[in-house]
Amino acid sequence: MTTGLDGVLPLLACPICAGGLTRRDGVVGCAAGHRYDVARQGYLTLLGPGSRLDTGDTADMVAARQEFLDAGHFAPLTAAIVAAAGPGPVLDLGAGTGHHLRAVVERSGDVGLALDTSRLAARRAAKVHARVGSVVADAWSRLPVRDGAVGTVLNVFAPRDPGELARVLRPGGRAVIVTPTPEHQQELRARIGLLDVDPDKADRLVRAMGPALTPIDRTPVRHVLTLARADVDRLIRMGPSAYHLPADRRQAAVRALGETTEVTLSATVSVFAARR
Ligand SMILES: C[S@@+](CC[C@H](N)C(=O)[O-])C[C@H]1O[C@@H](n2cnc3c(N)ncnc32)[C@H](O)[C@@H]1O
Ligand SMILES: [Zn+2]
């Protein structure tokens, strides 16, 4: 079986001319002569006109996410994502370290394409599973993926362009989108001043998907985690508040916590179907 990047190359499109990509002598390119770099660490960078890389997670955020997820704290969420996923190939948009994608491809036997704007995340995702290929690209530009190439798109706490999801899904394919609820990490919100979640987030998602994708299912995932201080610290560092909360304030707030802290994991797993 073709593995890693080679396994997902048939799904990819040149970000400049949208042509198919092949690899020859270690170089990936299209028939029109556009060439792309495969990093030593195994991921491919596909940037087109207007692609930006400045919204991706930093090295510290990625390291904290990897440690936190590897400890299994979000296992109920991963299980709900696996249950909601349809047939492959599977694209994970804003895949981070590829943690949830690994679980989906392990279960389905399909190939997985991890796409993220953070090189540090892409480096981790490139090693997460033999059937996962990792690409650095920007979810806010045209995705470097061929029309109708994938059966399932995962999008977990990450940005998305609904029109692009609809374009890359094959007819009848499904998008599995995970958004936080206002209850998510509420204990830390109150004590540490994390950013609030829009209470209307899941409904707004359905409206944003508009005519391109039809809502077919919505599952709440709620679990109260008991976390040691070091895990609370990782959870804060891996989330969007990491951009706003100075490290010394975070460390002081975490030191003031007890040995363990109860933190609610609360998210909505929304499933949408692409038109047949
Ligand atoms: C909160 S993390 C979630 C990561 C992963 N889905 C998970 O649940 O473990 C958000 C991810 O989106 C990525 N991201 C942010 N802006 C992006 C963009 N414009 N295009 C692609 N990925 C982006 C970040 O680098 C980060 O890995
Ligand atoms: Zn090209």
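The values are calculated or read from the model by the stated rules, or taken from the named source; none is laboratory data. What you see is a predicted model, and the numbers here were worked out from it, not measured in a lab. Cβ atoms come from the backbone with ideal geometry, glycine included; neighbour counts cover every protein chain shown.
Look at region 125-141: where a residue is within 9 Å of ligand 1 (Cβ to nearest atom) and part of a loop (DSSP other than H, G, I, E, B) and a partner is modelled with pLDDT under 95 and polar (S, T, N, Q), sitting 6+ places away or on another chain with Cβ atoms under 7 Å, you get A137/S51; D138/S51; S141/S51. If the condition is being buried (at least 19 other Cβ atoms within 10 Å of the Cβ), away from ligand 1 (no atom under 16 Å from the Cβ) and under 17 Å from R167 (Cα atoms), then region 14-30 contributes only C14. Screening R174 with (1) within 23 Å of A71 (Cβ to Cβ); (2) not in a loop (DSSP other than H, G, I, E, B); (3) not aromatic (F, W, Y) gives one miss only, at (1).
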